[in-house]
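Here's the structure we're looking at; comments come further down.
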Amino acid sequence: MDSKLFRALTAVLWLALPLTGLQYWSVWDQLPARMATHFGVSGQPNGWMTRETSLAFALVVVFVVLLALTGTLMRVRKPDALAWSLMAMLYVITGALFSINAALINYNIDGRPLNIVPALAVVFVASFAVTAIALATRRGIELPRQSDFVEAEEVHGSTFWALVLVVLTVVDLGVVGLIPLHGLRWIVSLPALLMVGAAALAWSGFHYRFTSHGVQISTLGFRLRSIPLQDIRAYAIAPWNPMAGYGIRGVGERRAYVWGNTGVRLMLSDGEVFLGHRQPEKIMNDLNLIRQKQGAPENA
């Protein structure tokens, strides 16, 4: 039932396309032939389009956003809290696009001041909420602590991505300094907080602890996931598609902890987990070791 409802609500999001067209069509005769569609940091227009091009651009933006996110959501077989929160965020993004389009239309019809700060603020607040849910869900029960607890430990991070995110943070803060509007300045600074957090995650890396009880995944001292040994059905070295992104990925019954393009895929009794690592053979050896300790075959 949850799966059917989840897919139905995901499909409903595509109504955003005709509704965006309706936004323009309902006031088409009032729109100027040449619309202001781009604004500088001071809030003054510095780019224009014909109303036909503006409509086409709005439809393309909505289409690309829906295609990128609903494709992932439609593949979820067992929606969890993160999947539901991502869907809710997509509704928020769609609503923000409607709000921005409405503000743009109103500016061009009667010169009403353009204020997109509330719409962007809601989107960024939703982003922080989804990030928190991603860190807090599907953690499992913490494995028992013993003095001889750890059989092996591996770390998987990325100095490259940490530096990229730091550079992007500096660029973002540089842009903030150029914005004279206080509300917009505050909104544009919010992505810097997310990027600083992501840079710290990439620098610290994912820590995999292999014990006689299973595998524990953590970063920055925070436990992300505990996988009991009995839940691991099989595992194998596998590539990672860069198009799927890096960091903590996946929704529903799938999760990935990855900063590179290789790793080990664990098939579990309730889904699967991808452990990124530049030397996946080490992960395989560690998994074989803890299974041997328990008298289980190396890879069932």
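The values are calculated or read from the model by the stated rules, or taken from the named source; none is laboratory data. Not measured: the values here are computed from a predicted model. All Cβ positions, glycine included, derive from the backbone under ideal geometry; neighbour counts span all protein chains shown. Please note that ligands, DNA and RNA were not included when accessible areas were found on the heavy atoms of the full protein model with its side chains. Shrake-Rupley method; radii C 1.70, N 1.55, O 1.52, S 1.80 Å.
Calculate, for segment 218-258, the solvent-accessible area per residue in square angstrom, rolling a 1.4 angstrom probe over the heavy atoms of the protein chains.
Per-residue accessible area for segment 218-258 comes out at 44 Å².
Tell me which lysines have Cα within less than 25 Å of residue 4's Cα, excluding those fewer than 8 residues away on the same chain?
Straight-line reach from residue 4, under 25 Å: 78.
If you work out P(r) over Cα pairs in 20 Å bins from 0, in percent from the coordinates, which of (i) 33, 60, 7, 0; (ii) 33, 50, 16, 1; (iii) 28, 49, 20, 3 do you get?
Identified label for the calculated read-out: (iii).
Cα axis of helix 117-136 to longest principal axis of the chain: angle in degrees, 0 to 90, nearest 10?
Between the helix axis and the principal axis of the chain, the angle is about 10 degrees.
Which percent of the accessible heavy-atom area of segment 44-88 goes to carbon and sulfur, probe 1.4 angstrom?
Taking all protein chains in place, segment 44-88 shows 71 percent carbon and sulfur surface.
Relative contact order, percent, of segment 157-280 when contacts are C-alpha pairs under 8 Å separated by at least 6 residues?
Computed value for segment 157-280: 18 percent relative contact order.
I'd like the FRET efficiency for residue 269 and residue 178, computed as 1/(1 + (r/R0)^6) with the beta carbon distance as r and R0 of 35 Å, rounded to 0.05. Provide the component values of the computation, followed by the final result.
Values: r = 53 Å, r/R0 = 1.52.
Working from the Cβ atoms, E equals 0.10.
Could you state the number of Å between the C-alpha centres of segment 88-116 and segment 15-59?
10
With a 1.4 Å probe and every protein chain left in place, work out the accessible area per residue of segment 41-109 in Å², rounded to a whole number.
Numbers: 3440 Å² over 69 residues.
Value for segment 41-109: 50 Å² per residue.
Just want to confirm a number: the relative contact order over segment 174-234, from Cα pairs under 8 angstrom separated by 6+ residues, in percent.
18
Below 8 Å between Cα atoms, with a sequence gap of 6+, how large is the relative contact order for segment 36-159 in percent?
So the answer I get is 21 percent.
For segment 51-179, report the % of Cα-Cα distances exceeding 24 Å. Let's see the in-between values first.
Values: 4618 of 8256 pairs.
Result for the distance tail: 56 percent.
Round to a whole number: what % of the accessible area of segment 155-300 belongs to carbon and sulfur, probe 1.4 Å? Walk me through the numbers before you get to the answer.
On the way: 4340 of 6750 Å².
Carbon with sulfur: 64 percent of the solvent-accessible area.
Pop a pseudo-label 7 angstrom from the Cα along the beta-carbon direction at both residue 204 and residue 48 and give the gap in nm to one decimal.
Each label point lies 7 Å from its Cα, and together they span 5.2 nm.
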